[in-house]
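Beneath this line is the structure, given in structure tokens, with notes to follow.
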Amino acid sequence: MYRRTIIAGAFVLGAAPALAKTAPLPRPRLIALDPGHGGSDPGALGLGGTQEKNVVMAVARELQKQLLVQNRFRVTLTRSTDTLVPLRERVARAQDAKADLFLSLHADSHPEPHIRGASVYTLSEQATDREAAALAQRENGGVTRAQVSPGVAQTLVSMTQRGTVNASNRLATTVVQSFGRSGIRLLPHSHREAGFAVLTAPDIPAVLVELGYLSNPHDEKLLTVPQHQVALARALRGSIETYFGAAVSPATTPAPSRKA
Ligand SMILES: [Zn+2]
């Protein structure tokens with residue numbers, strides 16, 4: 001009897017480490033941040049001389065810093081220096097790193113200087129409107145829709161099969177909501193669609209965020225102010241946290257966003 005008790009006790013004592021091994025901590029999600037343009041391509045230019053490539057890098061760096069706090073996320077940048085990385089290469093870098101999310105950061109320009117506010121874009125073969133189509137052409141480095149379209153159509157099929165389209169729409173919705181809660185000015189119809197070449201990794205939910213208009217003097221000033229860059233990064237971090245919080249259980253997945 002005595003011996004059996006010892007064996008039972010040993011078994012119980014030995015059980016704790018075995019149980020702990022079966023419940024590993026979740027792997028921190030990997031966020032691919034894509035600061036647009038770079039090097040010889042400054043992107044949009046402000047009247048005050050602000051270059052899009054610098055503004056988006058500043059926000060990407062701040063967002064990287066915020067995401068790395070508490071080790072909940074890992075971050076990879078598609079470019080970390082002032083160099084021009086081709087759009088395909090950006091997609092490939094995110095895929096090679098096995099990113100869980102892709103966030104492309106930009107700032108726009110418009111012939112009408114009064115136009116201002118942020119907006120969020122997801123991939124589509126058909127652009128929501130002419131402005132979104134023109135924007136995609138600018139961000140694709142002048143490549144026309146006809147040139148990009150066959151690749152986009154093919155990508156969208158596999159994105160739909162894998163649930164990446166719905167996931168990207170959900171991410172776009174959380175960005176719009178997070179900006180709204182943070183008091184960041186948004187364009188009307190804040191979530192639009194177009195054929196952006198940089199949003200074509202079939203497995204990675206992806207959005208392109210235009211943080212504001214460098215052609216608007218007020219937006220241009222805001223985009224260069226460190227406090228506003230921090231606020232933009234905080235709102236983006238909030239949307240990423242919300243996205244993954246909501247994505248934990250499929251049962252609580254919100255309905256796909258309505259296109260504005
Ligand atoms: Zn851009």
Of (1) within 16 Å of the ligand (Cβ to nearest atom); (2) closer than 16 Å to Asp219 by Cβ, Leu123 satisfies every one except (2)
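Just to be sure before I move on: is Ala60 closer than 21 Å to Leu211 by Cα, within 16 Å of the ligand (Cβ to nearest atom) and touching a Pro at 6+ places or on another chain (Cβ under 8 Å) in the structure I sent? If you could, list the steps in order and put the result at the bottom.
On the way: closer than 21 Å to Leu211 by Cα: yes; within 16 Å of the ligand (Cβ to nearest atom): yes; touching a Pro at 6+ places or on another chain (Cβ under 8 Å): yes.
The answer is yes for Ala60.
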Top-ranked residue of the range 143-194 - restricted to ones that are free of Cβ contacts under 8 Å to residues at least 12 places away in the same chain and hydrophobic (A, V, I, L, M, F, W, C), ranked as surrounded by the most Cβ atoms within 10 Å (Cβ to Cβ): Val157
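Picking from Val152, Val143, Val157, which residue would you name as being away from the ligand (no atom under 16 Å from the Cβ) and either of a type in the set (Ser, Thr, Tyr) or in contact with a Leu (Cβ under 9 Å, 6 or more places away or on another chain) (or both)?
Going through Val152, Val143, Val157 in turn, the sole match is Val152.
Select from the range 80-92 the residues that are of a type outside the set (Val, Ile, Thr) and closer than 17 Å to Val207 by Cβ and list them in ascending order. Please lay out each step first, then the result.
We begin by selecting, within the range 80-92, every residue of a type outside the set (Val, Ile, Thr); these are 80, 82, 84, 86-90, 92.
Passing the criteria: Leu87, Arg90.
Does at least one position in the range 49-67 carry a residue that is over 26 Å from Arg234 (Cβ atoms) and surrounded by fewer than 18 Cβ atoms within 10 Å (Cβ to Cβ)? Full working, then the answer.
Filtering the range 49-67 down to residues over 26 Å from Arg234 (Cβ atoms) leaves 49.
From what is left, the residues that are surrounded by fewer than 18 Cβ atoms within 10 Å (Cβ to Cβ) are 49.
Yes - at least one qualifying residue is present in the range 49-67.
From the residues in the range 124-158 that are among the hydrophobic types (A, V, I, L, M, F, W, C) and touching a strand residue (DSSP E or B) at 6+ places or on another chain (Cβ under 7 Å), which one is farthest from Val55 (Cα to Cα)?
The initial filter retains those residues of the range 124-158 that are among the hydrophobic types (A, V, I, L, M, F, W, C), namely 127, 132-136, 143, 146, 148, 152-153, 156-157.
After this cut, where a residue has to be touching a strand residue (DSSP E or B) at 6+ places or on another chain (Cβ under 7 Å) as well, the list is 127, 132-133, 135-136, 152, 156.
Numbers: Ala127: 26, Ala132: 21, Ala133: 23, Leu135: 18, Ala136: 19, Val152: 28, Leu156: 30 Å.
Here the residue is Leu156.
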Mind counting the residues in the range 93-103 that are surrounded by fewer than 19 Cβ atoms within 10 Å (Cβ to Cβ) and either in contact with a helix residue (DSSP H, G or I) (Cβ under 6 Å, 6 or more places away or on another chain) or modelled with pLDDT under 95 (or both)? 0
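The values are calculated or read from the model by the stated rules, or taken from the named source; none is laboratory data. Keep in mind the model is a prediction, meaning the values are calculated, not measured. Every residue, glycine as well, gets a Cβ built from its backbone with ideal geometry; the counts of neighbours run over all protein chains shown.
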